[in-house]
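Undergrad: Just passing along the structure, written as structure tokens.
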């Protein structure tokens with residue numbers, strides 16, 4: 001085990017859940033409770049994606065090296081009314 005090494009890609013995904021808070025707010029003020037519930041429902045995915053981190057862990061178990069990897073952000077889809085890109089000629 002003294003010579004064991006590692007080469008890992010680690011993805012850390014936060015758990016975002018305000019369900020209990022929404023219930024508490026609903027008991028106190030239904031409008032605020034509904035607002036927090038809807039905000040959680042619509043914002044959960046973007047906030048989770050924004051908080052997700054990737055790391056590369058390498059080296060021996062006794063002294064691992066941890067490096068943060070920059071995540072690639074997916075390009076947004078073009079609007080539905082945008083013209084399609086012309087086809088590219090085939091490579092020969």
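Undergrad: Any residue at all in the range 43-53 that's assigned to a strand (DSSP E or B) and surrounded by 12 or more Cβ atoms within 10 Å (Cβ to Cβ)?
TA: Step one: of the range 43-53, the residues assigned to a strand (DSSP E or B) are 53.
The next check asks that each one be surrounded by 12 or more Cβ atoms within 10 Å (Cβ to Cβ); those that pass are 53.
Yes, that holds for at least one residue.
Undergrad: How many of the residues making up the range 69-92 are surrounded by 10 or more Cβ atoms within 10 Å (Cβ to Cβ) and at pLDDT 75 or above? Before the answer, list the steps.
TA: Of all residues in the range 69-92, those surrounded by 10 or more Cβ atoms within 10 Å (Cβ to Cβ) come to 69, 71, 78.
The next check asks that each one be at pLDDT 75 or above; those that pass are 69, 71.
Selection size over the range 69-92: 2.
Undergrad: What's the total number of residues in the range 14-42 that are exposed (fewer than 11 other Cβ atoms within 10 Å of the Cβ), under 25 Å from the mean Cα position of the chain (by Cα) and either outside any helix (DSSP H, G or I) or modelled with pLDDT of 85 or more (or both)?
TA: 3
The values are calculated or read from the model by the stated rules, or taken from the named source; none is laboratory data. Remember, predicted model here, so these are calculated numbers, not experimental data. Note that we place each Cβ from the backbone using ideal geometry, even for glycine, and neighbour counts take in every protein chain shown.
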